[in-house]
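Here's the structure we're looking at; comments come further down.
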Amino acid sequence: MASSPIILIPARLASTRLPNKPLADIAGAPMIVQVMRRSQQAGIGRVVIAAAEAEIVEAVTAAGGEAVLTDPALPSGSDRVFQALQAVDPDGTHDVILNVQGDLPTLDPTIIRAALDVLEQTPADISTLVTEITDESERTNPDVPRAILALAPGARVGRALYFTRGSAPHGDGPDYHHIGLYGYRREALARFVSLPPSPLELREKLEQLRALEAGMRIDAALVDTVPLGVDTPADLEKARAELAG
């Protein structure tokens, strides 16, 4: 079923490990502008930055993009995306929202399309992405969230049964690294942000568990690359080198 999607990218300056990171220069443009360009290259449609500060709005509009100012006190990127959606699309034209993180300047645009395809081809409330873990150290690294999927051999989309920072599931078989890029049906996003944080969400520090605990369905697409998330000065140098090349 066809949809009318919008890409919303939450961004805020208050990062503890890399202050002001949305405005960090990468290959001649602020990081948030690079993320916007990758998102535009997906060819899905409208791209809007959901900014917590006016400086981000100014940087985006100076680059010819669209941005909206949101309440800096909002607790999460999902809340920021929902507030921006209400501001830029009060009439409900867009029925699918792609939430792309604002710190993925080297993102492969095709994986955004993969998250959209899940919602156009399944009855899921929310879509997300995974990639197969090939580095053994990632199987036990709590900084690499894992998705436990009902994924048949050879299939590219499966239903997410759980997400964890622990080592799971037991036994032989592939393990999947969860990539924090989401697609929401509009009513699913509205419901999600209205729910209080859930017990497992608070325990695992994984926001998507709130949706599963509330009985919402999340399906995940298997993709081939993990986008580089820029959280540290070293990550920033990697992104600069990649885009310079």
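The values are calculated or read from the model by the stated rules, or taken from the named source; none is laboratory data. Worth saying up front: this structure is predicted, and the values here are computed from it rather than measured. Backbone-built Cβ (ideal geometry, glycine too); neighbour counts: all protein chains shown.
Evaluating Asp91 against the criteria (1) touching a residue at least 12 places away in the same chain (Cβ under 8 Å); (2) part of a loop (DSSP other than H, G, I, E, B) leaves one unmet condition, (1).
Candidates are the residues of region 156-174 that are modelled with pLDDT under 95 and over 14 Å from Val223 (Cβ atoms); the one that is surrounded by the most Cβ atoms within 10 Å (Cβ to Cβ) is Ala168.
Among the residues of region 112-165, those that are small (Gly, Ala, Ser) and not in a helix (DSSP H, G or I) comprise Ala124, Ser127, Ala147, Ala150, Ala152, Gly154, Ala155, Gly158, Ala160.
So that you can scan it fast, the table gives a plain yes or no per residue for (1) in contact with a Lys or Arg (Cβ under 8 Å, 6 or more places away or on another chain); (2) crowded, with 23+ Cβ neighbours inside 10 Å:
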{"position": "Ile97", "(1), (2)": "yes, yes"}
{"position": "Asp103", "(1), (2)": "yes, yes"}
{"position": "Thr110", "(1), (2)": "no, no"}
{"position": "Leu129", "(1), (2)": "no, yes"}
{"position": "Glu136", "(1), (2)": "no, no"}
{"position": "Leu149", "(1), (2)": "yes, yes"}
{"position": "Gly154", "(1), (2)": "no, no"}
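When you check Ala124 against the structure, is it at pLDDT 95 or above, closer than 30 Å to Ala59 by Cα and assigned by TED's automatic domain parsing to the domain that holds Ala220, yes or no? The answer is no for Ala124. Checking Arg191, Arg210, Arg186 one by one, the residue that is surrounded by 14 or more Cβ atoms within 10 Å (Cβ to Cβ), without any contact (Cβ under 8 Å) to a residue 24 or more places away in the chain and under 30 Å from Asp95 (Cβ atoms) is Arg210 and no other.
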